[in-house]
Amino acid sequence: MPGIDTRHFLRRGSNSLDNYNEALNFISSRGKFKKSPTLNRMKLFLKMLGNPQNHIKAIHIAGTNGKGSTLTFLRNMLEAQGLTVGTFTSPYLIKFNERISVDGKPVSDNEILNLAQTVEPIVKELDRSLKEGGPTEFEVDTAMMFKYFAKHQVDIVLVEVGIGGLYDSTNVFTPECSVITTIGYDHMKLLGNTLPKIAFQKAGIIKTDIPVVVGKINLAPLNVIKKVAKQHHSKIIIRGFDYKVQPKHSSDWQERFSFISKSLKLDSAKINMLGQFQIDNAATAIAAFIQFLKINHYHIEPNVILKGLKNTFWAGRFERINNSPLIVIDGAHNVPAINELDILFKKRFNKREIYIILAILADKQFQLMIKNLLKIKNVHLILTEFNGPGKRPVANLDQLYEHSNHKSRIDYVSNWHRAFAETITKISDDDLLLFTGSLYFISDVRKFFN
């Protein structure tokens, strides 16, 4: 394929996409994974598109959890700085267009159609010419994003890794700065079954002479990241060494904390998102923001940072959707995220009864997630199901319920709408009702409540 005249190929290629829905069907029809991980297919795909990834200015964000929230805190600080910010995130909650946004606003249906029409002929050609077949769904999404921001220039693009980092389809450009938020157990079949192995995959986004900011990461995986950074001569900014964070007492629906580094001291930063994990995400975003400002010779203004933090909202991350009774949705979809919820419950909701309507994808550690939730004495679980995304099956929790030793605190209702209808009649205004277990699940729930 090297040396192919893409313009000639596109002229002779036929495009079969006539509307937005056809574009979405084309994208979702692509396979999820290939047997062997490689970036060669993605690089060839982008070469045939004119290498749009070489024409953007971006920050690359990886991590097990916290990528989306860190990206959103960072986006709001950059906007408060007066910059135009593009973002690439996944998955979406309500509409596919959310994946490619400018200043928090998703691109239009027509833009999605135009982008799909641009890449479709090349995808067809790669299907014919490559032994393993053409691009996956996420590779198509990524190529569309690069193509969009190469054409519609913004001041900075925040690119969220899909899975891992080393072989992720986003890992084909040189960023201004790299960010690794957390390292935890998730996607072990793809990334490895130890934290150091997972850290090595995440550290794959580190580029030569490009600084990398790391969040709250345990010593063993942190040492792996430090080793990779050293090999690439990359400056590494480490929490606890280069910047420090201290939570402060807070009430209402907000968190307060101090942030200290050589460049900045914030005595009382505020965020309107709950949880120690959101403090951690905000601190990582501040550290990355400082690096960006230094690289681009901007002056550090504390008020800009405070304004950006205060204005940050990230849908589906312990999002309050009703006050009385208190109903919340959260995208906790792995064991580390469930453990963070445990900390939040003990700090904020230890005097409330907590009812959790839980649905999980089958490829997650759902047994351990449920086991950890049942360790929390004031938690009542309602196991349920939903229509999973594409071909990814939802965990069948009926059998797990049947063999449970906690029948007084656990129930199973196959349909989540009925689970909600039954649960809402049992709870009082002093209780908490939480939907969680999967970002795809809470996407359905959020649509229902909206």
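The values are calculated or read from the model by the stated rules, or taken from the named source; none is laboratory data. Here the structure is a predicted model, which is why all the values come from computation and not from measurement. Every residue, glycine among them, receives a Cβ derived from its backbone with ideal geometry; neighbour counts consider all protein chains shown. Remember, those area values only see protein heavy atoms, side chains included, never the ligands or the DNA or RNA. Shrake-Rupley method; radii C 1.70, N 1.55, O 1.52, S 1.80 Å.
The residues of region 76-212 have, on average, 35 Å² of accessible surface per residue, using a 1.4 Å probe with all protein chains present. Amide H contacts of residue 352 (H built 1.01 Å from N, in plane; Pro and chain starts excluded): no residue 5 or more places away or on another chain comes under 5 Å.
For residue 248, nonlocal amide neighbours, meaning residues 5 or more places apart or on other chains whose placed amide H falls under 5 Å from its own, are 256, 257, 258.
Normalised by residue number, the volume inside the convex hull of the Cα atoms of region 164-259 is 126 Å³ per residue. Between residue 244 and residue 109, the FRET efficiency estimated from the beta carbon spacing at R0 = 51 angstrom works out to 0.65. Stretched out straight at 0.36 nm per residue, the stretch from residue 95 to residue 220 would grow longer than its current Cα-Cα span by 41.2 nm.
Of all aspartates and glutamates in the structure, the ones whose alpha carbon falls short of 12 Å from that of residue 307, not counting any fewer than 8 places away in one chain, are 79. Helical content of the chain, expressed as a calculated mean residue ellipticity at 222 nm, amounts to -12000 deg cm²/dmol (DSSP H runs of 4 or more residues, -39,500 (n - 2.57) each, divided by residue number, nearest 500). With unit charges on the beta carbons (Lys and Arg positive, Asp and Glu negative) and the dipole taken about the Cα centre of region 276-422, which residue among 384, 357, 339 sits farthest to the positive side? My answer, from the dipole projection, is 339. Phi angles of region 57-67 translate, via the Karplus equation with coefficients 6.51, -1.76, 1.60 and θ = phi - 60°, into HN-Hα couplings of 10, 8, 10, 9, 10, 10, x, 5, 10, x, 4 Hz per residue; Gly and Pro are given as x.
Given 20 °C and 1.002 mPa s, how large is the Stokes-Einstein diffusion coefficient of region 263-362 in µm²/s, with Rh as the Kirkwood radius over Cα pairs?
Working: Rh = 15.7 Å.
My calculation gives 136 µm²/s for D.
The H on the amide N of residue 237, modeled in the peptide plane, is under 5 Å from the matching H of 212, 213, 214, each at least 5 residues off or on a different chain. Which one, 321, 133, 433, projects farthest toward the positive side of the charge dipole computed for the chain from Cβ point charges (K/R +1, D/E -1)? It is 133, whose Cα lies furthest towards the positive end. Projected onto their three principal axes, the Cα atoms of the chain cover extents of 67, 51, 38 Å, largest first.
From the Cα gyration tensor of region 82-122, with a ≥ b ≥ c the square roots of its eigenvalues, which class applies: rounded if a/c is under 1.5, or else prolate if a/b is larger than b/c, or else oblate? All intermediate terms of the calculation are to be shown ahead of the outcome.
Details: a/c = 2.21, a/b = 1.58, b/c = 1.39.
Because a/c hits 1.5 or more and a/b exceeds b/c, region 82-122 counts as prolate.
Once both labels are modelled 7 Å past Cα along the beta-carbon direction, what's the residue 22-residue 352 spacing in nm? In this crude label model, residue 22 to residue 352 measures out at 4.8 nm. Of all beta bridges that DSSP places with both ends in the chain, some 35 percent have antiparallel geometry. At a Cα cut-off below 13 Å, give the aspartates and glutamates reachable from residue 235, other chains included and same-chain residues fewer than 8 away excluded. Reachable aspartates and glutamates: 176, 209.
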